[in-house]
Structure formats: C-alpha cells, structure tokens
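The values are calculated or read from the model by the stated rules, or taken from the named source; none is laboratory data. Predicted model, so just to flag it, every value in this text is computed and none were measured. Note: ideal-geometry Cβ built from the backbone for every residue, glycine included; neighbour counts use all protein chains shown.
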Amino acid sequence: MTTRKATRKRAAGLDLRSTLKPGQGAYLRGYLKGDQDAFIREYLGGSILAKVKVLETLTPGIARAGAMLAGALRRGGTWLIFGNGGSAADAQHLAAEMTGRLYKLERRGLPALALTTDSSALTCVGNDYGFDRVFSRQVEALGRAGDLALGITTSGGSPNVLLALEQAKRQGLATLAFSGKGGGEVARARYVDLCLTVPSDFTAHVQECHIAMGHLLCFLAERDLLGAGA
C-alpha cells in the first residue's frame with residue numbers, strides 16, 4: 001500500500017464525513033446542535049485531512065521555500081514576516097524560532113523579524129498612511145536586497161500583506177506567501193516568487209497548516225545551515 005493510500009485509510013478509520021476542503025457551515029451545524037463529540041471528531045478530522053492534502057500537494061513547494069530561507073540567511077539576510085490576526089501571531093512565533101532555539105540543537109541566533117509586534121510603528125503608520133501601509137512602510141525601512149519576506153494571509157487578499165510583498169520585491173527581497181481558500185490575489189501576483197496555498201476553505205485549518213509549514217521552513221533552514229557550520 002502506498003504512503004498516500006495508507007494515510008487516507010488511517011484518516012478514513014476515524015469515520016470522518018468532512019471533505020478535504022471542509023466548509024465552515026458543516027462544523028457549526030454540529031456545534032450548534034450541542035453534539036460536542038461529533039463536532040470535536042469532525043473538526044479534528046478536518047484538520048488531519050487538510051494536512052494530508054498539504055502533504056500530497058505542497059511538499060516540493062515547502063522544500064523550495066526552505067531553500068529560499070536557508071539561502072537568504074546564509075548570505076546574511078533577514079527573514080521579515082507579517083500578517084494579520086492569527087497570522088500576526090504566526091509571524092512572531094516563527095521569528096522567535098529563529099532568534100531563539102527551534103528544538104534542542106545549539107546554533108547561533110538567526111536574524112528574523114516579525115513586523116507585527118511594534119505597536120508604536122503600527123499605530124504611527126496606520127494613523128499617518130492608513131492600515132494598508134502598516135507592513136509595506138516597515139519593509140521600505142528595514143528590508144534589504146537578499147532578505148526574504150514572508151506574507152501570511154489565509155484569504156490571499158489582505159491589502160496590507162499584498163502591498164508589503166510588492167514593496168519587498170521592488171527592493172530586491174525574495175518574496176514568499178502562505179495562503180488558503182484557493183490562493184486569492186497573492187497566488188496570482190507577479191511580485192510573489194512562491195505562494196504556498198493550503199487546499200482548505202476553513203480558516204482555522206488553513207492557519208493550523210500555516211504554522212506547520214512555517215515550522216518546516218525553520219527546520220529545513222536549520223538543517224541546511226548546521227550542515228554549513230551555523
């Protein structure tokens with residue numbers, strides 16, 4: 001039995017009725033009826049199946065993104081990460097994995113910066129230029145050719161993420177995006193070098209896959225750099 005079929009069989013053993021692109025309404029029906037066990041099983045099952053689909057469709061792209069990150073860091077660049085809401089939390093989470101320690105291997109701190117954490121910068125730019133510019137203005141100030149910019153948007157259409165990626169490309173940064181729900185505008189943008197689109201329409205599962213993909217990028221970059229003596 002192939003790995004793909006075995007994975008699907010294990011998932012099917014959970015008696016999951018959600019599809020690989022679960023809709024929010026299917027979950028809420030079970031939840032609002034008060035059938036909590038069914039809701040829990042369906043939600044977790046949908047999360048598993050979304051990751052199975054990522055495994056089946058995005059493995060080569062994740063490998064390429066890991067190489068992009070490793071290359072930028074090896075050349076002395078910085079990883080700039082940004083997004084809204086839960087994606088903002090992912091941005092600072094991933095930056096901390098680089099500047100701190102990812103697992104148990106000791107290595108030097110690696111330069112990564114979340115553009116979501118400086119409340120003074122966010123409110124200053126938001127007040128003077130509008131919320132759409134809160135990330136692009138920081139990229140303009142902090143980004144350098146050779147850096148890597150990662151924009152995270154579950155819908156693929158967050159204006160402030162799109163503008164920041166466009167600004168990054170204009171300044172010679174490599175550009176990477178995480179998306180979902182069909183990819184949206186960010187998946188079609190010429191200024192994005194690589195977009196990894198989670199094949200799910202349910203925001204929560206898209207976010208769960210994004211942090212898994214982000215962790216993989218960190219591990220892949222660390223593997224590469226440790227091999228080079230980081």
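Looking at (1) within 16 Å of Leu80 (Cα to Cα); (2) at pLDDT 95 or above, which one does Gly184 not meet, given that it meets all the others? Gly184 satisfies every listed condition except (1).
Of all the residues in segment 196-210, those that are aliphatic (A, V, I, L, M) and not in a helix (DSSP H, G or I) number 2.
Taken over segment 159-206, the criterion of being farther than 24 Å from Lys53 by Cα and either without any contact (Cβ under 8 Å) to a residue 12 or more places away in the chain or of a type outside the set (A, V, I, L, M) (or both) is satisfied by Pro159, Asn160, Glu166, Gln167, Lys169, Arg170, Gln171, Gly172, Arg190, Tyr191. Each residue in segment 204-216 was checked for being more than 17 Å from Gln92 (Cα to Cα) and touching a Lys or Arg at 6+ places or on another chain (Cβ under 8 Å), and 1 of them qualify.
Looking across segment 126-159 at every residue that is among the polar types (S, T, N, Q) and surrounded by fewer than 24 Cβ atoms within 10 Å (Cβ to Cβ), the one that is nearest to Leu113 (Cα to Cα) is identified as Gln138. Comparison of Arg17, Arg75, Arg4, Arg10 shows that the only residue that is within 26 Å of Glu222 (Cα to Cα), surrounded by fewer than 16 Cβ atoms within 10 Å (Cβ to Cβ) and either at pLDDT below 95 or among the charged types (D, E, K, R) (or both) is Arg75. The requirement of being of a type in the set (Asp, Glu) and either closer than 27 Å to Val192 by Cα or in contact with a strand residue (DSSP E or B) (Cβ under 7 Å, 6 or more places away or on another chain) (or both) is satisfied by Asp90.
Residue count for segment 100-116, restricted to those that are more than 19 Å from Thr154 (Cβ to Cβ) and surrounded by 15 or more Cβ atoms within 10 Å (Cβ to Cβ): 5.
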